[in-house]
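One structure is given below, encoded as structure tokens.
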Amino acid sequence: MARGLVKRNEDYSRWYSDVIREAELAEHAPVKGCMIIRPYGFAIWEAIQRALDDMIKETGHVNAYFPLMIPESLLKKEAEHVEGFSPECAVITHGGGRKLEEPLYVRPTSEAIICSTYAKWMSSWRDLPILINQWANVVRWEMRTRLFLRTTEFLWQEGHTAHETEKEAVEEVLRMLEVYRRLSEEWLAMPVITGVKSRSETFAGAINTYAIEAMMQDRRALQAGTSHFLGQNFARAYDMQFQGRGGALEYAWSTSWGVSTRLIGGLIMCHSDDQGLVLPPKLAPHQAVIVPIYRTDDDRAALLEAANGIAAEARALGVRIKVDDRDHLKPGAKFFEWEKKGVPVRMEIGPRDLESKQVVLVRRDLGKAGKEFAPMEGLAARLPGIFAEMQQALFDQALANRRDHTIDIDSFDGMREVLNGDLAFVNACWCGSEKCEALVKKETTATIRVIPDSGENNEGVCVVCGEAATRKPVWARAY
RNA sequence: CGGGGCGUAGCUCAGCCUGGAAGAGCGCCUGGUUUGGGUCCAGGAGGCCGGAGGUUCAAAUCCUCUCGCCCCGACCA
């Protein structure tokens, strides 16, 4: 079995760390809660960035960059916002060898600095909308951290937009929620439920927070992205005013939305297995690897020539492929290594294969059972199709896992049993009171993950208090 | 912040109880051997035993203090 990896059913938490270590995605830094993202892990992040950045631009946004440090006074202008964040802020008190007159906050998010800048940029309704995104790092002093899922410093993108009307802003929030859904489902092969958060889970200072919520293999939920409708709250706090079409001064309607390196944690817990990482082909740094198997130098030369030929052909078709020509490792060692790193397709080629003009092809998600002899003729051209099938298979598998573990429940007892037991996504009606929500959390540690936007069959009675309910949230234990 | 665990070779750790020449496995370097699922053999490099103080003829080991990290609970993307 995979050396150095515990099995998922033995200790899921340790398995998760093992996968990251063995795949060389990241490691702990000397600073508590911080991580070093290693080149292989960062390559995955770069692939996510490329895909998302394209979508962000296709939807009319541009990138910019705002400072890491925010003056305390600026952050404190939006009371609810600062209250939500101040306990987890890192504060810089000294610089240049002396105490600063005003402390600087390391951004936990950039609403304060960006909104106050937008205020200067808008004078007329013609200046709107402002549609800007930034790729940045942020710091939140979390009590408990886990690689990728929750680190003190993390990488993300944060979009910040300002609009003339409420309608436009709401449309923007939902548009970006949809972008996140597509990123997650089409690129990470990670199915998500979209919807709005309950009040207690709403971003500090926002009117509404929308989210994409995914189920991990252990049936816990992961909030994978959020899109916030900020109303005019930040406009009032940071003076984002413009002269409207009628000539009067109006407050802008703003939004913000973000996804982070947490997505990589989701990716791991959605698809990987007891052998290690499993990557969806669309995001894999290497989509395929060719391992030559030889005895003699002559064999080696001939095989490498054949392998490089296949690789060149594949690259011409846009496939990210690697020929593992390292001479000091046996083939078996290479198999294990690429397996742990989640490379979608492995091709083995030895003298016998060369003779019969074929390779042994193994899809990562199917394992040894899925080994096939593939003719070299037309092999490169087949790869994109194989990747597409695997991409779909990963999504289908994750979706099936969610369907198999989603339950409609109408009694609090039933809810307690599931959420304190094997875990699942529980669909259960809710009256909307924070008291009922808090009681569920107290007795099960589960929370409302999202109130789905599909409006069907939501009439009922609250699973906790029995009062009339019009909402049917997804309840689950979350990361 | 509470509870638990751990700091010794690049990594994983043994040694500590009962003080007396710093070890193993893996990895790394050299040479040979091997190559269709983690080759084998020989040789080699590599250490302020987390830090400070104390006890002692003598401390990785005992005592005090300290710093840090990991895991489990209360907060969060």
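The values are calculated or read from the model by the stated rules, or taken from the named source; none is laboratory data. Not measured: the values here are computed from a predicted model. Every residue, glycine among them, receives a Cβ derived from its backbone with ideal geometry; neighbour counts consider all protein chains shown. The protein model used for the area step is the full one, side chains on, heavy atoms only, and it has no ligands, DNA or RNA in it. Shrake-Rupley method; radii C 1.70, N 1.55, O 1.52, S 1.80 Å.
Entry remark, segment A:203-229: residues being among the small types (Gly, Ala, Ser) and touching a Gly at 6+ places or on another chain (Cβ under 6 Å) number 3 in total.
Within segment A:269-298, restricting attention to residues that are touching a Gly at 6+ places or on another chain (Cβ under 8 Å) and farther than 20 Å from A:TRP187 by Cα, the residue that is modelled with the lowest pLDDT is A:GLN275.
Residues that are out of contact with any Pro (no Cβ under 9 Å at 6 or more places or on another chain) and of a type in the set (Gly, Ala, Ser) within segment A:50-69 comprise A:ALA51, A:ALA64, listed in sequence order. All conditions but one from (1) within 16 Å of RNA strand B (Cβ to nearest atom); (2) under 18 Å from the mean Cα position of the chain (by Cα) apply to A:ARG50; the one that does not is (1).
When you scan segment A:417-434, do you find a residue that is modelled with pLDDT of 90 or more, touching a Pro at 6+ places or on another chain (Cβ under 8 Å), surrounded by 13 or more Cβ atoms within 10 Å (Cβ to Cβ) and in a loop (DSSP other than H, G, I, E, B), even just one? Within segment A:417-434, one or more residues are modelled with pLDDT of 90 or more, touching a Pro at 6+ places or on another chain (Cβ under 8 Å), surrounded by 13 or more Cβ atoms within 10 Å (Cβ to Cβ) and in a loop (DSSP other than H, G, I, E, B). In segment A:125-144, the residues that are acidic (Asp, Glu) form Cβ pairs under 7 Å with partners that are assigned to a strand (DSSP E or B) and open to solvent by 40 Å² or more (accessible area, probe 1.4 Å), at six or more places apart or across chains, as follows: A:GLU142/A:ARG150. Just to be sure, is A:LYS322 open to solvent by 10 Å² or more (accessible area, probe 1.4 Å), closer than 22 Å to A:ALA381 by Cα and touching a His at 6+ places or on another chain (Cβ under 8 Å)? Against the criterion (open to solvent by 10 Å² or more (accessible area, probe 1.4 Å), closer than 22 Å to A:ALA381 by Cα and touching a His at 6+ places or on another chain (Cβ under 8 Å)), A:LYS322 qualifies.
Looking only at residues in segment A:435-467 that are among the basic types (Lys, Arg) and open to solvent by 80 Å² or more (accessible area, probe 1.4 Å), the one that is modelled with the lowest pLDDT is A:LYS442. Just for segment A:392-414: of the residues that are in a helix (DSSP H, G or I) and of a type in the set (Asp, Glu), which one is modelled with the lowest pLDDT? For segment A:392-414, the residue satisfying everything is A:ASP413. The criterion of at least 1 residues that are in contact (Cβ under 8 Å) with a residue 40 or more places away in the chain and of a type in the set (Asp, Glu) is met, among strands (runs of 3 or more DSSP E) falling completely within segment A:210-289, by A:249-251. Just one of (1) assigned to a helix (DSSP H, G or I); (2) in contact with a Pro (Cβ under 9 Å, 6 or more places away or on another chain) fails for A:ARG449. It is (1). From A:GLY432, A:GLY421, which residue is away from RNA strand B (no atom under 12 Å from the Cβ) and without any contact (Cβ under 8 Å) to a residue 24 or more places away in the chain? That would be A:GLY421, the only listed residue that is away from RNA strand B (no atom under 12 Å from the Cβ) and without any contact (Cβ under 8 Å) to a residue 24 or more places away in the chain. Across segment A:183-201, the number of residues qualifying as part of a helix (DSSP H, G or I) and touching a helix residue (DSSP H, G or I) at 6+ places or on another chain (Cβ under 7 Å) comes to 5.
Candidates are the residues of segment A:85-117 that are modelled with pLDDT under 90 and not in a strand (DSSP E or B); the one that is farthest from A:MET55 (Cα to Cα) is A:GLY97.
Residues checked against (1) among the polar types (S, T, N, Q); (2) closer than 17 Å to A:LEU277 by Cα; (3) touching a residue at least 60 places away in the same chain (Cβ under 8 Å):
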residue: A:GLU355; (1), (2), (3): no, no, no
residue: A:VAL360; (1), (2), (3): no, no, no
residue: A:LEU383; (1), (2), (3): no, no, yes
residue: A:LEU394; (1), (2), (3): no, yes, yes
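One residue alone among A:ILE212, A:ILE193 is open to solvent by less than 20 Å² (accessible area, probe 1.4 Å) and either within 14 Å of RNA strand B (Cβ to nearest atom) or modelled with pLDDT under 95 (or both), and that residue is A:ILE212. All conditions in (1) within 14 Å of RNA strand B (Cβ to nearest atom); (2) touching a Leu at 6+ places or on another chain (Cβ under 6 Å); (3) not polar (S, T, N, Q) hold for A:ALA204, with the sole exception of (2).
Condition check ((1) farther than 17 Å from A:SER256 by Cβ; (2) modelled with pLDDT of 95 or more; (3) touching a helix residue (DSSP H, G or I) at 6+ places or on another chain (Cβ under 8 Å); (4) not assigned by TED's automatic domain parsing to the domain that holds A:HIS81) across all residues:
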site	(1), (2), (3), (4)
A:ALA119	no, yes, yes, no
A:SER123	yes, yes, no, no
A:ARG140	no, no, yes, no
A:ARG144	yes, no, no, no
A:GLU153	yes, no, no, no
